[in-house]
1. Enumerate the pairs (first residue in the stretch 167-187 and touching a residue at least 60 places away in the same chain (Cβ under 8 Å); second residue anywhere and part of a helix (DSSP H, G or I) and within 16 Å of ligand 2 (Cβ to nearest atom)) with beta-carbon separation below 9 Å, excluding pairs fewer than 6 apart on the same chain, so at least 6 apart or on different chains.
2. Report, by residue number, each residue of the stretch 109-148 that is in contact with a Lys or Arg (Cβ under 8 Å, 6 or more places away or on another chain), part of a loop (DSSP other than H, G, I, E, B) and more than 14 Å from ligand 1 (Cβ to nearest atom).
3. Among Glu211, Glu223, which is the only one that is buried (at least 21 other Cβ atoms within 10 Å of the Cβ), among the charged types (D, E, K, R) and touching a helix residue (DSSP H, G or I) at 6+ places or on another chain (Cβ under 7 Å)?
4. Suppose we filter the stretch 171-187 for residues that are assigned to a loop (DSSP other than H, G, I, E, B) and either within 19 Å of Leu267 (Cβ to Cβ) or more than 16 Å from ligand 2 (Cβ to nearest atom) (or both); how many remain?
5. Can you find a residue in the stretch 230-244 that is over 27 Å from Gly39 (Cβ atoms), touching an Asp or Glu at 6+ places or on another chain (Cβ under 8 Å) and not assigned by TED's automatic domain parsing to the domain that holds Ile304?
6. Can Ile190 be described as closer than 12 Å to Leu129 by Cβ and either assigned to a loop (DSSP other than H, G, I, E, B) or more than 16 Å from ligand 1 (Cβ to nearest atom) (or both)?
7. Go through Gly205, Gly234 for me and flag whichever is modelled with pLDDT under 85 and within 16 Å of Ala97 (Cα to Cα).
8. Checking Ile74 against (1) under 29 Å from the mean Cα position of the chain (by Cα); (2) without any contact (Cβ under 8 Å) to a residue 40 or more places away in the chain; (3) on the phi < 0 side of the Ramachandran plot, which single condition isn't satisfied?
Amino acid sequence: MDSERFIEIRDFEAMKVAGEKTTNVDLSVVIPTFNESYGISRILRALHSSLEELQINFEIILVDDDSPDSTWKIAADLIEEIPELTVIRRLASKGLATAVICGWHYSNGRLLGVMDGDGQHPVEVIKDLFNTFSEDRNEVAIASRYLPHGGIKKWSLSRRLLSRGAQTLGQLLLPGAIGTINDPMSGFFIVKRSIITETELDPVGYKILLEILARSQTNKIQEVPYVFLERSSGKSKVALSHYISYLRHLLRLRIQPLRSRALVRYLLVTAGALTLDAVIFFWLFDVNNWNLTRSAALAGEGGILFTILLHDLWTFAGRPVRTLTDRIRRLVGVHIALGALMFLRLLAINAFVNWFSLDPLLAFLLTLTVVMPGGHLLGSRFSWRNIRV
Ligand SMILES: Nc1nc2c(ncn2[C@@H]2O[C@H](COP(=O)(O)OP(=O)(O)OP(=O)(O)O)[C@@H](O)[C@H]2O)c(=O)[nH]1
Ligand SMILES: [Mg+2]
């Protein structure tokens, strides 16, 4: 094959995406593939039609890791039919995330997208993703399964639980970067080239979006809903090793220096909420001789309202929180998440005091330091999600 748009690469070490090019390509969409020969022609044609409807300058770059089923060859045979298509065959490297970086590195677009090559990402959603950038402030657009009108067509209960568990763990470990994103594990998104060219990317395994959000520290993010479809053919490459890579990836991102301003603010707000909780309790119970349960309940509520207000005005000030409905949803969300915990806390305080004759202040402080920090972090994780466009 001698087309300039068929590239064979032996080594791809660079983990940086090349900077802005002088071309006028608006959007480059990378499709990473491994053994997707069966459906790839249909997907490339459908994506091409969808992108044409946008009436922009675009390119599609398929990056295949030398699939034994010759996916790269089938795609390369479409180069004449689809003038915007480039095919990269990586001969020595493997891995989804690095394949995506490789494709972006060779691309020309001002915006960089990624989409699976197995038919699970509905191609027309690429238009919704692109259109979020009509708002100048936007830097990342994520197709999200966990928004109203989004979903997953066919996944076993165990796969759903694993996926949600992995997501929650990520949000607890990296609250500043992904705590407010509904679907930070999404493999379908567009990002502004300029926010990643300055960043050294070094992902392990599958989760390239996680890497971008954690390293770029952007908070200019929009999510659009989509339904994750059934695989049209071929086999899933998800295996136990991917979950292990994911854990390694999370830990690597976590132990890097705490550069995230959002994370520091997040922790400061949580500490402030706990302090306020303690002050209110002391004032009601000790100074004004209120009843134990009522004092603890009101103190907890004070902490919750403090968290909501400060996260809105300070921690996540850049996020699109536009309507009153969003704020009400947030208020209810935090209360639902923390409600059960608050109830348990009141039970525990009463049990400590009535059954174990513990000093009420000590009982209060015990529940405050043991139960509430996790509660606040969880409550925030459920409630500062991005607002859908
Ligand atoms: N280049 C490259 N592509 C890969 C690799 N692993 C997976 N892919 C592609 O990445 C996309 C997503 O992989 P899947 O195995 O479908 O993962 P998934 O969609 O999260 O999981 P399923 O729901 O089980 O399909 C598909 O287009 C794969 O062909 C890899 O090592 N290299
Ligand atoms: Mg898939």
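The values are calculated or read from the model by the stated rules, or taken from the named source; none is laboratory data. Here the structure is a predicted model, which is why all the values come from computation and not from measurement. Note that each Cβ is placed from the backbone with ideal geometry, even for glycine, and that neighbours are counted across all protein chains shown.
1. Leu169/Tyr246; Gly170/Tyr246; Ile181/Leu209; Gly187/Leu96; Gly187/Val100; Gly187/Ile208; Gly187/Leu209
2. Within the stretch 109-148, the first condition is being in contact with a Lys or Arg (Cβ under 8 Å, 6 or more places away or on another chain), and the residues that meet it are 109-112, 118-120, 133, 137-140, 144, 147-148.
Then keep just the ones that are part of a loop (DSSP other than H, G, I, E, B); that gives 109-110, 118-120, 137-139, 147-148.
Of everything in the stretch 109-148, those that are in contact with a Lys or Arg (Cβ under 8 Å, 6 or more places away or on another chain), part of a loop (DSSP other than H, G, I, E, B) and more than 14 Å from ligand 1 (Cβ to nearest atom) turn out to be Gly109, Arg110, Arg137, Asn138, Glu139, Leu147, Pro148.
3. Details: Glu223 fails: touching a helix residue (DSSP H, G or I) at 6+ places or on another chain (Cβ under 7 Å).
From the options Glu211, Glu223, the qualifying one is Glu211.
4. Keep residues of the stretch 171-187 that are assigned to a loop (DSSP other than H, G, I, E, B), which gives 174, 179-187.
Still in the list and also either within 19 Å of Leu267 (Cβ to Cβ) or more than 16 Å from ligand 2 (Cβ to nearest atom) (or both): 174, 179-182, 184.
Count: 6.
5. Going residue by residue through the stretch 230-244, those that are over 27 Å from Gly39 (Cβ atoms) are 244.
Restricting the remaining residues to those that are touching an Asp or Glu at 6+ places or on another chain (Cβ under 8 Å) gives none.
So far as the stretch 230-244 goes, no, none of its residues is over 27 Å from Gly39 (Cβ atoms), touching an Asp or Glu at 6+ places or on another chain (Cβ under 8 Å) and not assigned by TED's automatic domain parsing to the domain that holds Ile304.
6. Working: closer than 12 Å to Leu129 by Cβ: yes; either assigned to a loop (DSSP other than H, G, I, E, B) or more than 16 Å from ligand 1 (Cβ to nearest atom) (or both): yes.
Considered against the rule, which asks whether it is closer than 12 Å to Leu129 by Cβ and either assigned to a loop (DSSP other than H, G, I, E, B) or more than 16 Å from ligand 1 (Cβ to nearest atom) (or both), Ile190 comes out as yes.
7. Numbers: Gly234 fails: within 16 Å of Ala97 (Cα to Cα).
It is Gly205.
8. All conditions pass for Ile74, except number (1).
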